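S.K.: The structure that follows is given in the form of structure tokens.
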Amino acid sequence: MKLSGGDLLMRALKDEGVKFIFGYPGGAALHIYDSIFKQNACEHILVRHEQGATHAADGYSRATGKPGVALVTSGPGATNAITGLATAYMDSIPLVVISGQVQSHLIGTDSFQETDMIGISRPIVKHSFIVQNTQDIPRIIQEAFHIATTGRPGPVVIDIPKDKTDPSKLYEYKRAKEVSLRSYQPRVLPHPGQIKKASKKILSAERPVIYAGGGVILGNAHKELISLNKLLKAPVTNTLMGLGAYPAKDKYFMGMLGMHGTYQANMAMHNADVIIAIGARFDDRITNTPSMFAPNAKIVHIDVDPASISKIINADIPIVGQVKESLLALIKEIKRSKIKIDSEALDNWNIQISKWRAQHGLNHDLYLSKIKSSMIAPQVVVQELYHATQGNAFVTSDVGQHQMFVAQYYHFNKPRRWINSGGLGTMGFGLPAAMGVKLAFPKQEVVCVTGEGSIQMCIQELSTCLQYNLPIKIININNEALGMVRQWQDMNYGGRHSASTYADSLPDFVKLAQSYGHVGMKVTKQSQLKKTLDKAFAMKDRLVFIDVYVDPNEHVYPMLVAPNGSMKDMWIKKNTKA
Amino acid sequence: MKRIISILIENKPGALARVVGLFHQRGYNIETLNVGPVFDGSYSRMTVTTRGSENDVEQITKQINKIIDVIKVSDLTEGDHHEYEFIMIKFKQSEKIKKILKSLNGKIHEKDKDAMVMSAWGPSSDIEVAIRDIGKANLLEIARSGSIGLHEGEKVLKI
């Protein structure tokens, strides 16, 4: 049977196993939308802004490990998808974003709703395609999914001129058995010689640290990471993107590292003699000043992307390969090796880390008991959330102080539970991402922890949540200011709060949620917090927006001292450096 | 240090822009650029010259390699290589310019009473010197091919 371009597209998506398409229609995409109407393999989720479509597809992907799919129209539809593409690109999330384009003969004429999507998106996609022949659509879809999901994953754009989905022009559907591209063959297996060298270096370490990033989660290698450390018993830290890759409850876990990492994790990195970097990329929010980074450490760096290795910090033993395969090879080699770990040195090292933890570690009890009647500490909100959900929820966040508080105080024991925009730092990510997660896991608790600044960047998606009955819980950590901006202004700009406050013009979030057909709750006192959360989580089939007013003066600590600081240089509280 | 990077890239729409864009995105400069289809025409060979340290060039080649349409990348300057550049020049009758170009395999293509068109080729370092020596006087127009090059000996860059 011959199919139109739109039908070829939908058939190809079905064959890729796509369940949801997040999108927004418009002129150039209308033939495709008609094809969507005629099929039922993929459910289309109508968002309220294309940024929401890309973030929802992204959240779906982060939670499931499957590629997310978004569909937008040409021009403004395409440009609105750009922030979501950049977000996915920075965090290596596999997305396939399909954009309608004006008809081929109009391209380049400044026609209505025309924009050069391929050109605009070029620096923020892994690859992009423009459809020139309708019969190529199935092949392009196959290649796009292959590229998006293999090697270092990332977003792929497919731009389809409207005439290529003309319903009157029909073509045969052909699907190749497998995709093979001569110009793209990502490395899977690590080099055995490098594995041997790494094993030797690791087993001879006295102060090793495992520094695991988002690559462990993307590469589905958390079990292998745990197995590796059953052998090594080394302290482990996860990056913001890696939280959940190693269980937070494990005694070797030190918490997150970097800008707002724990004291013990940052100190351990600085004082390590061997750093085992796994699927992490030495981001500037980790290393602080690169020339002052871990002065005595030899670096073993495992990454699927050779360009990530020795980009910021020179790797002594680079290992290019899939994280899972590399860890399996490393485990095998360590088991086979005759070198014995110096367990006395390692014990001393772990004792040292406990001492650091006791000195300046995140003090949970302090926060929980801190202020009984007066203002709520934002950290407490996260701790209470952790208790209310038994640590089992999927938690999405936006960007800023609340994001850091979740990273510090919600202890993720499983991968793919913590869903945030780490690389790009995109405000407005949390709510649409939570929609994607909830669609994938309708029976699981999905919480969006946000701030009154971030939530207003994609607040329109509350309407989508009603349409598709997505009973997520939104915890709005409300400090009536752009908290992280204000923290920097407090610390570096003499407390001059330039354009970071708006207390008199905030909406009544309870009424706002209600006007969208949801439940709104407001919390202003510590004594109401637990009760309100319990009440909200008991409402299984409703979206509940919980507006929690917190102490506006709270800062996120620890915080690396910059510029010209190393990882051991931290503010541990207001006006106190460690 | 000057580097000559050779790239084999799929001959597809937008492929060239991905390479050129990458230099800008990653903060590197392109000094010269040459591109044209080779063999069956399904792919092109690009030659880019740039300046940078060993580390810079390692990053550049790794990042270029990540571009999906790029098939192979090689830094010619890593080993022995042949490198040449071709130029065409239009100028007002000038024995000086003629002489300089003649010393670089110069060839006259057009001779008018007012102007003359000549081509020349040689190692780009010689071309640079020639351009400097020619100066501005009597010079009307100049076009450069940018460097192209091949590895010396048995080493080849092909699919």
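S.K.: If you go through region A:186-195 one residue at a time, do you hit one that is in a loop (DSSP other than H, G, I, E, B), within 14 Å of chain B (Cβ to nearest Cβ) and of a type in the set (Lys, Arg)?
M.R.: yes
S.K.: If you take the residues of region B:1-19 that are of a type outside the set (Lys, Arg) and modelled with pLDDT under 95, which of them is least open to solvent (accessible area, probe 1.4 Å)?
M.R.: B:Gly14
S.K.: Output the number of residues of region B:20-32 satisfying the condition of being crowded, with 18+ Cβ neighbours inside 10 Å and within 11 Å of chain A (Cβ to nearest Cβ).
M.R.: Going through region B:20-32 one residue at a time, the tally reaches 1.
S.K.: Quick one: A:Asn350 ticks every box in (1) under 27 Å from A:Ser421 (Cα atoms); (2) of a type in the set (S, T, N, Q); (3) in contact (Cβ under 8 Å) with a residue 60 or more places away in the chain bar one, so which box is it?
M.R.: Among (1) under 27 Å from A:Ser421 (Cα atoms); (2) of a type in the set (S, T, N, Q); (3) in contact (Cβ under 8 Å) with a residue 60 or more places away in the chain, A:Asn350 violates only (1).
S.K.: Output the residue which, of all residues in region B:64-105 that are open to solvent by less than 20 Å² (accessible area, probe 1.4 Å), over 30 Å from A:Pro306 (Cβ atoms) and not in a strand (DSSP E or B), is farthest from the other protein chains (Cβ to nearest Cβ). Talk me through it step by step, then tell me what you get.
M.R.: First, the residues of region B:64-105 that are open to solvent by less than 20 Å² (accessible area, probe 1.4 Å): B:64, B:67-70, B:74-76, B:85, B:87, B:89, B:91, B:94, B:97, B:101, B:104.
Now restrict to residues that are over 30 Å from A:Pro306 (Cβ atoms): B:85, B:87, B:89, B:91, B:94, B:97, B:101, B:104.
Narrowing further to those that are not in a strand (DSSP E or B): B:94, B:97, B:101, B:104.
On the way: B:Ser94: 43, B:Ile97: 41, B:Leu101: 39, B:Leu104: 37 Å.
If we take residues in region B:64-105 being open to solvent by less than 20 Å² (accessible area, probe 1.4 Å), over 30 Å from A:Pro306 (Cβ atoms) and not in a strand (DSSP E or B), then B:Ser94 is farthest from the other protein chains (Cβ to nearest Cβ).
S.K.: Read through the list (1) more than 9 Å from every other protein chain (Cβ to nearest Cβ); (2) modelled with pLDDT under 95; (3) farther than 21 Å from A:Ile313 by Cα, then give the number of the only condition that B:Val48 fails.
M.R.: Here B:Val48 meets the rest and fails (2).
S.K.: Follow-up question, since we're still on this one. Going residue by residue through region A:63-77, is there one that turns out to be more than 22 Å from A:Ile45 (Cα to Cα) and touching a Pro at 6+ places or on another chain (Cβ under 8 Å)?
M.R.: No, region A:63-77 has no match at all.
S.K.: Out of the residues in region A:160-181 that are within 16 Å of A:Phe145 (Cα to Cα) and within 14 Å of another protein chain (Cβ to nearest Cβ), which is most open to solvent (accessible area, probe 1.4 Å)?
M.R.: A:Ser180
S.K.: Here is a follow-up. Going residue by residue through region A:464-481, is there one that turns out to be more than 22 Å from A:Gln379 (Cβ to Cβ), open to solvent by 30 Å² or more (accessible area, probe 1.4 Å), in contact with a strand residue (DSSP E or B) (Cβ under 8 Å, 6 or more places away or on another chain) and not aliphatic (A, V, I, L, M)?
M.R.: Yes, region A:464-481 contains a residue that is more than 22 Å from A:Gln379 (Cβ to Cβ), open to solvent by 30 Å² or more (accessible area, probe 1.4 Å), in contact with a strand residue (DSSP E or B) (Cβ under 8 Å, 6 or more places away or on another chain) and not aliphatic (A, V, I, L, M).
S.K.: So, of the residues in region A:220-252 that are small (Gly, Ala, Ser) and open to solvent by 20 Å² or more (accessible area, probe 1.4 Å), which turns out to be nearest to the chain's Cα centre (by Cα)?
M.R.: Per the criteria, the residue is A:Ala248.
S.K.: Could you please find all residues in region A:290-304 being within 14 Å of chain B (Cβ to nearest Cβ) and crowded, with 21+ Cβ neighbours inside 10 Å?
M.R.: Those that are within 14 Å of chain B (Cβ to nearest Cβ) and crowded, with 21+ Cβ neighbours inside 10 Å: A:His301, A:Asp303, A:Val304.
S.K.: Exactly one condition in (1) part of a helix (DSSP H, G or I); (2) open to solvent by 30 Å² or more (accessible area, probe 1.4 Å) is not met by A:Leu533; state its number.
M.R.: (2) is the only condition that A:Leu533 fails.
S.K.: Another question, then. Determine, yes or no, whether A:Thr287 is open to solvent by less than 10 Å² (accessible area, probe 1.4 Å) and away from every other protein chain (no Cβ under 14 Å).
M.R.: So A:Thr287 fits the description; yes.
S.K.: Tally time: how many residues in region A:485-530 are among the charged types (D, E, K, R) and touching a helix residue (DSSP H, G or I) at 6+ places or on another chain (Cβ under 7 Å)?
M.R.: 3
S.K.: Could you run through region A:305-338 and say how many residues are among the aliphatic types (A, V, I, L, M), away from chain B (no Cβ under 14 Å) and open to solvent by 60 Å² or more (accessible area, probe 1.4 Å)? Give the steps one after another, and end with the answer.
M.R.: Restricting attention to region A:305-338, the residues satisfying the condition of being among the aliphatic types (A, V, I, L, M) are A:307, A:309, A:312-313, A:315, A:317, A:319-320, A:323, A:327-331, A:334.
Next, only the ones that are away from chain B (no Cβ under 14 Å) stay: A:317, A:319, A:323, A:327-331, A:334.
Subsequent filtering for residues that are open to solvent by 60 Å² or more (accessible area, probe 1.4 Å) retains A:328.
Of the residues in region A:305-338, 1 are among the aliphatic types (A, V, I, L, M), away from chain B (no Cβ under 14 Å) and open to solvent by 60 Å² or more (accessible area, probe 1.4 Å).
S.K.: What pairs come out if I take residues in region B:25-39 that are at pLDDT 95 or above and pair them with residues that are open to solvent by 90 Å² or more (accessible area, probe 1.4 Å) whose C-beta lies under 7 Å away, six or more apart or interchain?
M.R.: B:Glu31/B:Arg51; B:Thr32/B:Arg144
S.K.: Would you mind telling me which numbered condition in (1) in contact (Cβ under 8 Å) with a residue 40 or more places away in the chain; (2) open to solvent by 40 Å² or more (accessible area, probe 1.4 Å); (3) closer than 25 Å to A:Gln185 by Cα B:Arg51 fails?
M.R.: (3)
S.K.: Restrict the check to region A:79-97 and report whether at least one residue is without any contact (Cβ under 8 Å) to a residue 12 or more places away in the chain, open to solvent by 10 Å² or more (accessible area, probe 1.4 Å), outside any strand (DSSP E or B) and within 14 Å of another protein chain (Cβ to nearest Cβ).
M.R.: Within region A:79-97, not a single residue is without any contact (Cβ under 8 Å) to a residue 12 or more places away in the chain, open to solvent by 10 Å² or more (accessible area, probe 1.4 Å), outside any strand (DSSP E or B) and within 14 Å of another protein chain (Cβ to nearest Cβ).
S.K.: With (1) part of a helix (DSSP H, G or I); (2) surrounded by 20 or more Cβ atoms within 10 Å (Cβ to Cβ); (3) within 9 Å of chain A (Cβ to nearest Cβ); (4) not charged (D, E, K, R) as the list, and B:Ile60 as the residue in question, which single condition is left unmet?
M.R.: Failed condition: (3).
The values are calculated or read from the model by the stated rules, or taken from the named source; none is laboratory data. Model, not experiment: these values are computed from the prediction. When we count neighbours, we look across all protein chains shown, and the Cβ atoms used for this are built from the backbone with ideal geometry, even at glycine. All accessible areas refer to the heavy atoms of the entire protein, side chains included, with ligands and DNA or RNA removed. Shrake-Rupley method; radii C 1.70, N 1.55, O 1.52, S 1.80 Å.
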